[in-house]
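**Q** Here you go, one structure.
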Amino acid sequence: MKPTVIDPNTTTRAEAYTLWMNAPNPMVTFFKTLDVTPLVRLSRKRGLKFNMLLCWCIGKAASEIKEFYLLPFGRELLQYDSIAVNTIVKNKTGEVSSCDLPFSNDLAQFSADYLRLTREAAERCENHDLTSAIVDTEIDGAVGMNSGIFNNPFLICGKYQKGLFRTTLKLSFQFHHTQMDGAHAGRFLARLQETINRI
């Protein structure tokens, strides 16, 4: 997934690039509660990992929004031909490592890649933290950092919460304002819920 450096003026993000690329804090955070009942049911019915299903839905929703293929980096705007979802795994030392998962529309292929790559990350104890999951804690949301290094979108979530009739997951979605506007982020979160509902 080697990116191409593009001229911001040739994109729909030209004005946002001018406004936000050098802003002290260009990151925006949205909070959302998702109904993940369909994922829990499918996970149990087919013996699939819940986190894998959630990652696939995230990748599916993101792959349908062109702004996810852009990324501000340094003073450049990069464009990618494909996307990946990064997930956190507990490694063999009891700490956490992260793992890039290339997105595939084919759920079976994505699942196979997920199982292989997360197993390798857990064994090698490698870290490339681009997103975060706080799996042992119930949270209402979290705000990530603006490091100036990681400008890609972050989803932060905790444990899902079981109710009488549905299971919900609270999350926060942080994005760089150069990459997308609130309308794009809102569309992504809506598509994420729609993808979960359709799975």
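**Q** Got a number for residues in region 43-64 being among the hydrophobic types (A, V, I, L, M, F, W, C) and either open to solvent by 20 Å² or more (accessible area, probe 1.4 Å) or in contact with a Pro (Cβ under 6 Å, 6 or more places away or on another chain) (or both)? Let's see the steps before the verdict.
**A** Pass one, region 43-64, residues among the hydrophobic types (A, V, I, L, M, F, W, C): 48, 50, 52-58, 61-62.
Still in the list and also either open to solvent by 20 Å² or more (accessible area, probe 1.4 Å) or in contact with a Pro (Cβ under 6 Å, 6 or more places away or on another chain) (or both): 48, 50, 56, 58.
Final tally of qualifying residues: 4.
**Q** Right, another one. Cβ-Cβ under 9 Å, sequence separation 6+ or interchain: first residue in region 106-126 and more than 13 Å from Met52 (Cα to Cα), partner open to solvent by 60 Å² or more (accessible area, probe 1.4 Å) and among the basic types (Lys, Arg). Which pairs?
**A** Filtered contacts from region 106-126: Ala122/Lys90; Ala122/Lys92; Glu123/Lys92; Arg124/Lys92; Cys125/Lys92.
**Q** May I pose another question? Could you please find all residues in region 1-37 being under 12 Å from Pro72 (Cα atoms), open to solvent by 40 Å² or more (accessible area, probe 1.4 Å) and in a strand (DSSP E or B)?
**A** Residues satisfying the conditions are Thr4, Val5.
**Q** Still on this model: Determine whether Glu123 is more than 23 Å from Ala190 (Cα to Cα), open to solvent by 50 Å² or more (accessible area, probe 1.4 Å) and of a type in the set (Asp, Glu). Walk me through it before giving the result.
**A** Details: more than 23 Å from Ala190 (Cα to Cα): yes; open to solvent by 50 Å² or more (accessible area, probe 1.4 Å): yes; of a type in the set (Asp, Glu): yes.
In short, yes.
**Q** Just to be sure before I move on: is Leu164 part of a strand (DSSP E or B) and at pLDDT 85 or above in the structure I sent? Show your work before the answer.
**A** Details: part of a strand (DSSP E or B): no; at pLDDT 85 or above: yes.
No; evaluated as a whole, the condition is false for this residue.
**Q** A follow-up question, please. In this structure, does Glu67 turn out to be open to solvent by 40 Å² or more (accessible area, probe 1.4 Å) and among the acidic types (Asp, Glu)?
**A** Details: open to solvent by 40 Å² or more (accessible area, probe 1.4 Å): no; among the acidic types (Asp, Glu): yes.
Taking the combined requirement at face value, the residue does not satisfy it.
**Q** Looking at Ser97, Ser111, can you tell me which residue is outside any loop (DSSP other than H, G, I, E, B), among the small types (Gly, Ala, Ser), over 14 Å from the mean Cα position of the chain (by Cα) and surrounded by 20 or more Cβ atoms within 10 Å (Cβ to Cβ)? Even if it seems obvious, please write down each step before you answer.
**A** Numbers: Ser111 fails: surrounded by 20 or more Cβ atoms within 10 Å (Cβ to Cβ).
That would be Ser97, the only listed residue that is outside any loop (DSSP other than H, G, I, E, B), among the small types (Gly, Ala, Ser), over 14 Å from the mean Cα position of the chain (by Cα) and surrounded by 20 or more Cβ atoms within 10 Å (Cβ to Cβ).
**Q** May I ask you to verify whether Phe30 is under 15 Å from the mean Cα position of the chain (by Cα) and at pLDDT below 95?
**A** Values: under 15 Å from the mean Cα position of the chain (by Cα): yes; at pLDDT below 95: yes.
Judged against the criteria, Phe30 is a match.
The values are calculated or read from the model by the stated rules, or taken from the named source; none is laboratory data. Given the structure is predicted, the values throughout are model-derived calculations rather than measurements. Quick reminder, even Gly has a Cβ in these numbers, built from the backbone with ideal geometry, and neighbours come from all protein chains shown. To get the accessible areas, we keep the full protein, side chains included, count just its heavy atoms, and leave off ligands, DNA and RNA. Shrake-Rupley method; radii C 1.70, N 1.55, O 1.52, S 1.80 Å.
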